[in-house]
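Asker: Sharing a structure here in structure tokens format.
The values are calculated or read from the model by the stated rules, or taken from the named source; none is laboratory data. Remember, predicted model here, so these are calculated numbers, not experimental data. All Cβ positions, even for glycine, are placed from backbone atoms using ideal geometry, and neighbour counts span all protein chains on display.
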Amino acid sequence: MQRREVDGRCGTHLKAIPALHPDWIRDKRIVVPIVVADTRNKDYPETPAVMEFVKNKTTRQTLDLLTVTQKLDRPILAPPNTPPEQLKELRAALAATVRDQAFLGEIKKKNLTIEATGAEEMARIYADAFASPPDVVEAVKTILGAK
């Protein structure tokens, strides 16, 4: 794009742009026409989310399943049978880290953002994904070329 060989790109992680190319946003060198997400991105409030246009239940379920990896960008997982007390400690430590002012200061210095998802929300997202109807799973497989 910078060499003007292409005029657009699909799939760029919006969180990376301010960190890697802050001038693109500041100088309005790019336009984000739509975000593939449930809701608008707080960094691009004028850009609509694809779900704003989805009216069909099956299409919504399909997009929900396709975007699980976006909702849980970098999940932190523990092995099966981790004792509940250990899980509680790990969750508390992570929650404290993402609220820590020194940590957040380092994130800001690097022009990054962090949007932590709590354990309960992660569990809900995974449960919803695994409860997807078979026709939705088949549609996603087709879209991803896995069929």
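Asker: Among 108, 88, 71, which is of a type outside the set (S, T, N, Q), surrounded by 10 or more Cβ atoms within 10 Å (Cβ to Cβ) and more than 23 Å from residue 16 (Cβ to Cβ)?
Answerer: 88
Asker: Restricting to the stretch 62-83, what's the tally of residues that are outside any loop (DSSP other than H, G, I, E, B), farther than 15 Å from residue 124 by Cβ and either of a type in the set (A, V, I, L, M) or touching a strand residue (DSSP E or B) at 6+ places or on another chain (Cβ under 8 Å) (or both)?
Answerer: Total satisfying the criteria: 2.
Asker: Right, residue 115: of a type in the set (Asp, Glu), part of a loop (DSSP other than H, G, I, E, B), without any contact (Cβ under 8 Å) to a residue 12 or more places away in the chain and under 18 Å from residue 37 (Cβ atoms) or not?
Answerer: Judged against the criteria, residue 115 is a match.
Asker: Just one of 60, 26, 3 is of a type outside the set (Phe, Trp, Tyr), surrounded by 10 or more Cβ atoms within 10 Å (Cβ to Cβ), without any contact (Cβ under 8 Å) to a residue 40 or more places away in the chain and on the phi < 0 side of the Ramachandran plot; which is it?
Answerer: 60
Asker: Of the numbered conditions (1) modelled with pLDDT of 90 or more; (2) within 30 Å of residue 91 (Cα to Cα); (3) within 14 Å of the chain's Cα centre (by Cα), residue 61 fails exactly one; give the number of that condition.
Answerer: If we test residue 61 against (1) modelled with pLDDT of 90 or more; (2) within 30 Å of residue 91 (Cα to Cα); (3) within 14 Å of the chain's Cα centre (by Cα), just (3) comes out false.
Asker: Moving to a separate point now. Kindly provide the set of residues from the stretch 74-92 that are without any contact (Cβ under 8 Å) to a residue 40 or more places away in the chain and not hydrophobic (A, V, I, L, M, F, W, C), ordered by number.
Answerer: Hits for the stretch 74-92 are 74, 79, 80, 81, 82, 83, 84, 85, 86, 88, 89, 91.
Asker: Exposed (fewer than 14 other Cβ atoms within 10 Å of the Cβ) and either at pLDDT 95 or above or more than 20 Å from residue 8 (Cβ to Cβ) (or both): is that true of residue 48 in this structure?
Answerer: It is false that residue 48 is exposed (fewer than 14 other Cβ atoms within 10 Å of the Cβ) and either at pLDDT 95 or above or more than 20 Å from residue 8 (Cβ to Cβ) (or both).
Asker: Report whether or not residue 141 is more than 16 Å from the chain's Cα centre (by Cα) and closer than 30 Å to residue 90 by Cα.
Answerer: So residue 141 does not fit the description; no.
Asker: Mind listing just one residue for me: the one in the stretch 118-141 that is outside any helix (DSSP H, G or I) and either touching a residue at least 12 places away in the same chain (Cβ under 8 Å) or polar (S, T, N, Q) (or both) and, of those, surrounded by the most Cβ atoms within 10 Å (Cβ to Cβ)?
Answerer: Looking at the filtered set, the residue picked out is 132.
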